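Here is the structure we will look at, set down as structure tokens.
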There are 2 protein chains.
Amino acid sequence: MARIVMKFGGTSVANLDRIRHVAQRVKREVDIGNEVAVVVSAMSGTTNQLVDWVRGISVLHDAREYDVVVASGEQVTAGLTALALQELGLSARSWLGWQVPVMTDGVHGKARIEEIQTADLIARFAQGQIPVLAGFQGLGPDNRITTLGRGGSDTSAVALAAALNADRCDIFTDVDGVYTTDPRIVAKARKLHRITYEEMLEMASQGAKVLQTRSVELAMKHRVRLQVLSSFEDLPGTLVVDEDEIMEQELVSGIAYSRDEAKITLRQVADRPGVAAGIFGPLAEASVNVDMIVQNISADGKTTDMTFTVARTDLDRAVKILEEARSTLDYVALTADPTVAKISVIGVGMRSHAGVARKMFEVLGQKRINIQVISTSEIKVSVLIAEEYTELALRALHSAYGLDAS
Amino acid sequence: MARIVMKFGGTSVANLDRIRHVAQRVKREVDIGNEVAVVVSAMSGTTNQLVDWVRGISVLHDAREYDVVVASGEQVTAGLTALALQELGLSARSWLGWQVPVMTDGVHGKARIEEIQTADLIARFAQGQIPVLAGFQGLGPDNRITTLGRGGSDTSAVALAAALNADRCDIFTDVDGVYTTDPRIVAKARKLHRITYEEMLEMASQGAKVLQTRSVELAMKHRVRLQVLSSFEDLPGTLVVDEDEIMEQELVSGIAYSRDEAKITLRQVADRPGVAAGIFGPLAEASVNVDMIVQNISADGKTTDMTFTVARTDLDRAVKILEEARSTLDYVALTADPTVAKISVIGVGMRSHAGVARKMFEVLGQKRINIQVISTSEIKVSVLIAEEYTELALRALHSAYGLDAS
């Protein structure tokens, strides 16, 4: 017997038929003798509608009232899913965040779970009852509803799995797993059977948005074995696990890309101490995140060229801030380019192997793709290229690292 | 300074514009120095949608899960209304049933309020904060959400007004008050400025469905002064108060009607002890409510004719039950007639005046309207007539009792 948390996202509970299908899927796990806890999102579309209403009433809204309104979506699906399970002859009941309780901090709108009290849930497991937890919500220290931020139901599920010491946390969604790269671009992309938490974090933050980043971090922290799988097809998914669980680690697990980047270059900035703080300080104050940064060595020792990337949606704001600071920063020219893409080669195996980066540069060079910026981490090499080469680069790299499906 | 509970029904909070309008209306009361608590229903249409979903998943649903799903509608409007009040610069916060808490019994789906703990609300009044209570919902002894049955937000408002010892409970709805009769039928119907609880109960149960019956009973019990008024037009409404508050009580306050009735006659039932129990016992067991009952004196001392009314929607079921019991009841013929209407003349003044019933019979006689069944109470005379005469009877009686607007 295993104890499993099964989480169903918005498209998996989008209507009554889908909810009935979820109940059938849960019943299969129960029928083979497993203890199951269910976590549900709001019906797809519902949360957007609720958020629109809140914003329509109040732009700078009280986050406590936002939480009251938006948390209602998961409340509805928790009740309906419990009913659907009951219709199949199973014992089930809904649990709202405040009932468990799922205790969070007081940061309304993006609260963090601090503790889930599971004694009552575990006692009911013994009676064969299936708890259906409304995801995304908790109870703050002010005795008011909190929500965990968009995609927070993944985090609810992982936190519940950790608190219940579950054997596995299955995340049912509208994709059937994590792929070596985007299958819409690279036809030969393969589904990964296993991937490490670290790789998953890089894949997710690089655009393969399957799981909320925080939920993966939480799973890594508590060593919760995660599985991403489709609620529409009956196929094995991708298991996200500790490195130790993966016996034969491949050098490179996947190629990620992001078109959400934009490049800014400041030419001939006066090269004196404090110049980086002068550039990035005002951007940070305006909540503009800077990702890749390259500072060229100055030829004359007096000026330097500074290149960095920001989210494409932040580009206009970033340019405005930098233009306002021009007199202080003392640069000669500012160029902005939104037509760039970031390509990343990811794999925990590269920690112990040189040559991954070199191969990347060689392959891109052979395809005459110019590398604009490079950044590296322990398990990742990223390059910035012109956006138009995205597909070409992905296919060439996918092949070169031996990831193509045979 | 007065303390006022303002309750807004589903059409009054149907969309963001209406909710903003509600906030403006509340602000007016606050601006003249009153302490205000707000109670809101779900946006119109929302509760029906939620109920449809529950029934779509499970016909014989667990009422506890029904409550979880359906209570979400009021949760949304409570949050949005608090935000709209904040946008006007007022201090406001939403309160869900479990937060106050509004303690109810454990009868999920139609719970009764047992206690509302108001210490926290009153402390916040002192700080100028407006509580916005989600109507229709409470907390059961099982620590789960309960709902009060359809129209229960009226009851929430009256119970809150009683618990807060409020000076008045204003029920904002899509009609602008209680009329002497249905203005869609009688053009000369007048809006009543005041009406007693007892009359309101008769008016409501007779088809002038403005307030939920239970809320009026509760108001009567706790002497809560109720006002029914329009949230769309800025007009005085109808005040529902104790008899003592009405100095010049008119003889007749209003004429109500109901087309939801059907008549059943059993001819030549054996007239022996226990026959009434033999007829009405099986109907009661099947939850068929019987309203007016007439038993004719039998000519031969051996048989009797029994006529009574049931809800038109129950007619087929009632006939089936009585046909099945024919051998026991030993009647000669059963006739059923769904084309009847009940007309009621209502007024606390008639307690001390004979002649109200006589005038009714005279007026109907002059119009050649046959009276099929009569029933009376202390403040009401009701007759059953053929449905086709409904409008004629209402207009004639309205005129005869001096109710026509000049």
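The values are calculated or read from the model by the stated rules, or taken from the named source; none is laboratory data. Please read these numbers as outputs of a predicted model, since none were measured by experiment. Reconstructed Cβ throughout: ideal geometry from the backbone, glycine too, with neighbour counts over all protein chains shown.
Structure data summary
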quantity	calculated
Within segment A:74-99, considering residues that are more than 8 Å from every other protein chain (Cβ to nearest Cβ) and within 26 Å of the chain's Cα centre (by Cα), the one surrounded by the fewest Cβ atoms within 10 Å (Cβ to Cβ)	A:TRP95
Failed item in (1) away from every other protein chain (no Cβ under 14 Å); (2) surrounded by 18 or more Cβ atoms within 10 Å (Cβ to Cβ); (3) of a type in the set (Val, Ile, Thr), with A:ILE32 passing the rest	(2)
Total residues in segment B:11-40, condition within 12 Å of B:ALA78 (Cα to Cα) and out of contact with any strand residue (DSSP E or B) (no Cβ under 6 Å at 6 or more places or on another chain)	2
Meets criteria (within 30 Å of A:PRO141 (Cα to Cα) and in a helix (DSSP H, G or I)) for B:GLY97	no
Hits in segment B:35-73 (condition: more than 7 Å from chain A (Cβ to nearest Cβ), of a type in the set (S, T, N, Q) and assigned to a loop (DSSP other than H, G, I, E, B))	B:SER41, B:SER44
Residue check, A:VAL178 more than 22 Å from A:LEU397 (Cα to Cα), among the aliphatic types (A, V, I, L, M) and either within 15 Å of the chain's Cα centre (by Cα) or at pLDDT 90 or above (or both)	no
Out of B:ARG28, B:ARG64, B:ARG55, sole residue that is touching a residue at least 24 places away in the same chain (Cβ under 8 Å), in the same structural domain as B:GLY152 (by TED's automatic domain parsing) and among the basic types (Lys, Arg)	B:ARG64
Search result, residues across segment B:134-180 that are in contact with a strand residue (DSSP E or B) (Cβ under 8 Å, 6 or more places away or on another chain), within 14 Å of chain A (Cβ to nearest Cβ) and polar (S, T, N, Q)	B:GLN137, B:THR146, B:THR147
Residue in segment A:192-206 that is touching an Asp or Glu at 6+ places or on another chain (Cβ under 8 Å), among the acidic types (Asp, Glu) and crowded, with 17+ Cβ neighbours inside 10 Å present	yes
Sole exception among (1) over 24 Å from B:ALA14 (Cα atoms); (2) outside any loop (DSSP other than H, G, I, E, B); (3) of a type outside the set (D, E, K, R); (4) touching a Gly at 6+ places or on another chain (Cβ under 8 Å) for B:ALA162, by number	(4)
B:PRO131 vs. criteria touching a residue at least 24 places away in the same chain (Cβ under 8 Å) and part of a loop (DSSP other than H, G, I, E, B)	no
Segment A:102-128, residues that are surrounded by fewer than 17 Cβ atoms within 10 Å (Cβ to Cβ) and within 12 Å of chain B (Cβ to nearest Cβ)	A:ASP120
Top-ranked residue of segment B:266-320 - restricted to ones that are charged (D, E, K, R) and touching a residue at least 40 places away in the same chain (Cβ under 8 Å), ranked as nearest to B:VAL340 (Cα to Cα)	B:ARG312
From the options B:THR335, B:THR328, B:THR307, residue that is over 30 Å from B:ARG395 (Cβ atoms), of a type in the set (Ser, Thr, Tyr) and over 26 Å from the mean Cα position of the chain (by Cα)	B:THR328
Any hit, segment B:8-18, residues being facing another protein chain (nearest Cβ under 9 Å), hydrophobic (A, V, I, L, M, F, W, C), over 23 Å from B:ALA166 (Cα atoms) and surrounded by fewer than 24 Cβ atoms within 10 Å (Cβ to Cβ)	yes
Subset tally (residues that are farther than 18 Å from B:SER41 by Cβ and touching a residue at least 12 places away in the same chain (Cβ under 8 Å)) for segment B:72-97	5
Number of the exception - B:GLU324 against (1) farther than 30 Å from B:LEU226 by Cβ; (2) touching a strand residue (DSSP E or B) at 6+ places or on another chain (Cβ under 9 Å)	(2)
